[in-house]
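Please treat every number below as a calculation from the coordinates, not as lab data. A quick note: this is a predicted structure, and the numbers were derived from the prediction, not measured. Note that we place each Cβ from the backbone using ideal geometry, even for glycine, and neighbour counts take in every protein chain shown.
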Amino acid sequence: MSNGRFGIHGGQYIPETLMNAVIELEEAYNRYKDDPAFNAELTELFNEYAGRPSRLYFARKMTDDLGGAKIYLKREDLNHTGAHKINNVLGQALLAKKMGKTRLIAETGAGQHGVATATAAALMGMECVVFMGEEDTKRQALNVYRMRLLGAEVVPVTTGTATLKDAVSQAMREWTSRIDDTHYCLGSVMGPHPFPTIVRDFQAVISREIKAQLMEKEGKLPDAVLACVGGGSNAIGSFYHFINDPSVRLIGCEAAGRGVDTFETAATIATGKLGIFHGMKSYFCQDEYGQIAPVYSISAGLDYPGIGPEHAMLHDTGRAQYVPITDDEAVDAFEYLARMEGIIPAIESAHAVAYARTLAPTMGKDQIIVITISGRGDKDCAAIARYRGEDLHE
Amino acid sequence: MSKIREAFAHGKAFIPFLTCGDPDLETTAACVQACARAGASLIELGIPFSDPTAEGPVIQGANLKALQAGTTTDKIFDLVRELRKDVSIPFVFMTYANVVYSYGPERFLRKCQDVGIDGIILPDVPYEEKEEFLPYCRKHGVDLISMIAPTSQDRIARIAREADGFLYIVSSLGVTGTRTEITTDLGSILKAVRANTDIPAAIGFGISTPEQAKKMAGISDGAIVGSAIIKILDKYGTEAPAHVEEYVRSMVEAARSAG
């Protein structure tokens, strides 16, 4: 069996045409990942360009309001381009550049990864094409404009459900047709090996910072770390440096859409089963014949029928826990954090905020919850207004 | 000798592809019979998948249509069982890993053996992952067909040496679909294949005209055509079998004339 397994999950289930490309990528990554010059260059980009380290903010009002554990927010929303996606993209773009690639392609759901990729491409003078489900181009029109402004071409994908999974499929198809000069900048901890490892390593900066920052502020580890999970890149980034600290509960918040007992859900751990898709073995929402389900969530970024293979393993071993959060709960949390702390989170991140509202009151005042706010919510305002029956024209 | 290898023993092969259930299973059955009458050496039967990542727009459309018409893996097994009453040329399933995996590889391959399937092609299962399915294929006498792509280079020897049935040579980069020109240096790929195995090698992806079929069969052991046939189905729907037969006959003749 191939490399890149997380327990039974992961692997490289891709067309033969792409095999040498992922092998070349793995070799390049192994060459550069511990290279001091590469890492110095990446750290410089993280700090000077993306604005890292991101703040770990003590949410005093929210803590008082919930009356239990102390709540800290890891502010990935304050990164350049407004989400955690930039961490992975700067790493991959730099790696692609070292490999001599001149063109980046990417999929995007909410548009955050697409914007981040377009940004890195502009910065590094690379060509950029972003595949985005047509449905999502409508839900996230502002991000489409941002990508074009940054010099990227945005290709609307009309096949299937015209959402994130179809954008991934189309980006994979595009990669098979043009490999020599093109790097597929995959946006989450998914797809064939080595992507789940590469993306996790570039996102692990989140938990590395949380650990150091909390040690400085509180002198101890958190009791729970919460993050939203679609493919799972901000969650694995938030969990990674705590995996070997068994006292830290790791909780991924999945998008339940209209509920896990309906067909309009994207909660993979709650409703999916083991399968093979998009290059990996993991859990997927699917029917009895293995046809991938047309999933739904109010959040375009979590609207994906699978979950990264490392999360699938953390679920199997019980090291992490995955909870479903409905649209209603997420929208309430979106509004709650805005009013309580003056922070408008991405609707994706609001899924994690929602679970914290349930969890914090059950914990002691001497305990600590860290919630990763993976992105900012400006992009979601029109959609949330619509959800509440108000039609906004930007 | 497996039934598939034997199919290549009578001159250059022509291999048509059909997506089962596009536009319905009755039409698929009639097209399979038409292909057999027209002299096809073996037939590739696609089990539709919701997200066929190796396919171009034409076959993607066929997959979608078949699923919307209610086609399922079980109904396709029933179809093959029926067809086996009067069609004897080898059948090869072409589908995606998850279709087999969710059915249960043991149960799927046992069913293949029961109904008379001779081989299976899984485009999202490369050499590195074939152990997932190969033991079940071997146990039930179904050839797991390996693919070689224009980018395979140093991998060709390894893949060819362990291949069963026939080798599927992908003519071009990208996904399935007709192409006006095939620019890959297939001659050197075939040379590398020949240096490592004596099992037959057929070329697919991008072939639609008799001229292309003749050229591809000329440098290999046969030609595989999918999208061009699906286009005939798109055009004629349930009236397609007669048109498919006529087209396949012209392609069979073109391929044969190469050898």
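Contact annotation: residue pairs with Cβ atoms under 6 Å, 6 or more positions apart or on different chains, pairing a residue in segment B:140-161 that is within 10 Å of another protein chain (Cβ to nearest Cβ) with a partner that is among the β-branched types (V, I, T) and surrounded by fewer than 24 Cβ atoms within 10 Å (Cβ to Cβ), are B:S146/B:I159; B:I148/B:I156; B:I148/B:I159; B:P150/B:T184. Tell me whether segment B:70-78 contains one or more residues that are within 12 Å of another protein chain (Cβ to nearest Cβ) and on the phi > 0 side of the Ramachandran plot. Yes: segment B:70-78 contains one or more residues that are within 12 Å of another protein chain (Cβ to nearest Cβ) and on the phi > 0 side of the Ramachandran plot. Being in contact with an Asp or Glu (Cβ under 9 Å, 6 or more places away or on another chain) and away from chain B (no Cβ under 14 Å) is a description that does not apply to A:Y49. Given the criteria in a helix (DSSP H, G or I), surrounded by fewer than 19 Cβ atoms within 10 Å (Cβ to Cβ) and of a type in the set (A, V, I, L, M), does B:A242 qualify? Considered against the rule, which asks whether it is in a helix (DSSP H, G or I), surrounded by fewer than 19 Cβ atoms within 10 Å (Cβ to Cβ) and of a type in the set (A, V, I, L, M), B:A242 comes out as yes. Within segment A:369-385, how many residues are crowded, with 24+ Cβ neighbours inside 10 Å and among the basic types (K, R)? Residues that pass the stated criteria total 1.
Against the criterion of being more than 9 Å from every other protein chain (Cβ to nearest Cβ), in contact (Cβ under 8 Å) with a residue 12 or more places away in the chain, in contact with a helix residue (DSSP H, G or I) (Cβ under 6 Å, 6 or more places away or on another chain) and among the charged types (D, E, K, R), B:K111 qualifies.
Within segment A:293-324, track down each residue that is closer than 22 Å to A:K138 by Cβ and either within 14 Å of chain B (Cβ to nearest Cβ) or among the β-branched types (V, I, T) (or both). Within segment A:293-324, A:A293, A:P294, A:V295, A:I298, A:Y304, A:P305 qualify.
Listed by position, the helices (runs of 4 or more DSSP H) contained in segment B:77-185 that have at least 3 residues being closer than 25 Å to B:G56 by Cβ are B:97-103.
The residues on offer are B:Y103, B:Y96, and the sole one that is within 12 Å of another protein chain (Cβ to nearest Cβ), in contact with a helix residue (DSSP H, G or I) (Cβ under 9 Å, 6 or more places away or on another chain) and either closer than 26 Å to B:K3 by Cβ or aliphatic (A, V, I, L, M) (or both) is B:Y103.
Scanning segment A:156-194 for residues that are more than 21 Å from the chain's Cα centre (by Cα), closer than 21 Å to A:S299 by Cα and more than 9 Å from chain B (Cβ to nearest Cβ) gives a single hit, A:T158. Residues that are surrounded by 20 or more Cβ atoms within 10 Å (Cβ to Cβ) and in contact with a His (Cβ under 8 Å, 6 or more places away or on another chain) do not occur anywhere in segment B:69-81.
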